[in-house]
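Trainee: Below are the structure tokens for one structure; questions will follow.
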Amino acid sequence: MRGSSEVLLTLALLLFLLTLARTDAAAQDVPRAEVFGGFSYLRKPIRMGFTLVGWQAGPDINFSKNVALAFDFGGQYGQFGPKYEYAAGPRFKYRRGRTAFFVHGLFGGDYEPSDTRGAVLLGAGGGIDLNVSDRLAIRVMQFDSLHDSSVVKGQPSNWGHALRVGIGVVFKAGRR
């Protein structure tokens, strides 16, 4: 049986190849909202860390063709128990044909029930959406660099670092 990272990389490669396929461009109208849902893979900490797999979801509220407010929620599960993230921040998009490239900055928190403490979460990342129609897109890939710091006895602890990769679908609603 293949490892989860090999399966994720295979799916990502197939979806990326779809972006190279030549088809008619989807409508250029910008939706008022876009809602993402999909699979996520998280590696924490980067060096000698552990791997978690789970889900990732969140809506974007588009203020213009290129600027949105993004909300990001995730839950990953593995050997050391679950980890949940919640964050929001600006997302900047470049739309060309049927492809949308984006970058974002996120601020929020994360929670690990085994730790019983929440943590401040800062994140930065980006990705690619491939429009299938004017109401549906495939999130070919989303990368996030996540940094968190919990508070222990009133003092901030060391910052942790994780890398999260996600793929999934994007549903679009309304028009700007």
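Trainee: Within region 68-89, take every residue that is touching a Pro at 6+ places or on another chain (Cβ under 9 Å) and assigned to a loop (DSSP other than H, G, I, E, B) and give me the one that is nearest to residue 37 (Cα to Cα).
Mentor: 82
Trainee: In region 130-139, what residues are in contact with a Phe, Trp or Tyr (Cβ under 8 Å, 6 or more places away or on another chain), surrounded by fewer than 21 Cβ atoms within 10 Å (Cβ to Cβ) and part of a strand (DSSP E or B)?
Mentor: The one that is in contact with a Phe, Trp or Tyr (Cβ under 8 Å, 6 or more places away or on another chain), surrounded by fewer than 21 Cβ atoms within 10 Å (Cβ to Cβ) and part of a strand (DSSP E or B): 136.
Trainee: Moving on to the next point. Scan 145, 150, 133 and give me the residue that is of a type in the set (Gly, Ala, Ser) and modelled with pLDDT under 90.
Mentor: 150 is the lone residue from the list that is of a type in the set (Gly, Ala, Ser) and modelled with pLDDT under 90.
Trainee: Same structure again: Among residues belonging to region 77-102 that are touching a residue at least 60 places away in the same chain (Cβ under 8 Å) and of a type outside the set (Val, Ile, Thr), point out the one that is surrounded by the most Cβ atoms within 10 Å (Cβ to Cβ). If you could, list the steps in order and put the result at the bottom.
Mentor: Here is the first cut: in region 77-102, the residues touching a residue at least 60 places away in the same chain (Cβ under 8 Å) are 85, 95, 97-99.
Remaining after also requiring of a type outside the set (Val, Ile, Thr): 85, 95, 97-98.
On the way: 85: 26, 95: 16, 97: 13, 98: 18.
Among those that are touching a residue at least 60 places away in the same chain (Cβ under 8 Å) and of a type outside the set (Val, Ile, Thr), it is 85.
Listed here are the residues, each with its yes/no results for (1) β-branched (Val, Ile, Thr); (2) within 18 Å of residue 172 (Cα to Cα).
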site: 34; (1), (2): no, yes
site: 38; (1), (2): no, yes
site: 49; (1), (2): no, no
site: 53; (1), (2): yes, no
site: 81; (1), (2): no, no
site: 86; (1), (2): no, no
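Trainee: If residue 28 passes every condition in (1) modelled with pLDDT of 85 or more; (2) surrounded by fewer than 16 Cβ atoms within 10 Å (Cβ to Cβ) but one, which one does it miss?
Mentor: Of everything listed in (1) modelled with pLDDT of 85 or more; (2) surrounded by fewer than 16 Cβ atoms within 10 Å (Cβ to Cβ), residue 28 misses just condition (1).
Trainee: Let me ask something additional. Restricting region 49-76 to residues that are of a type in the set (Phe, Trp, Tyr) and surrounded by fewer than 18 Cβ atoms within 10 Å (Cβ to Cβ), which is farthest from residue 163 (Cα to Cα)?
Mentor: Pass one, region 49-76, residues of a type in the set (Phe, Trp, Tyr): 50, 55, 63, 71, 73.
When the remaining residues are screened for being surrounded by fewer than 18 Cβ atoms within 10 Å (Cβ to Cβ), the result is 50, 55, 63, 73.
Working: 50: 11, 55: 14, 63: 28, 73: 15 Å.
Taking the candidates together, the pick is 63.
The values are calculated or read from the model by the stated rules, or taken from the named source; none is laboratory data. Model, not experiment: these values are computed from the prediction. Reconstructed Cβ throughout: ideal geometry from the backbone, glycine too, with neighbour counts over all protein chains shown.
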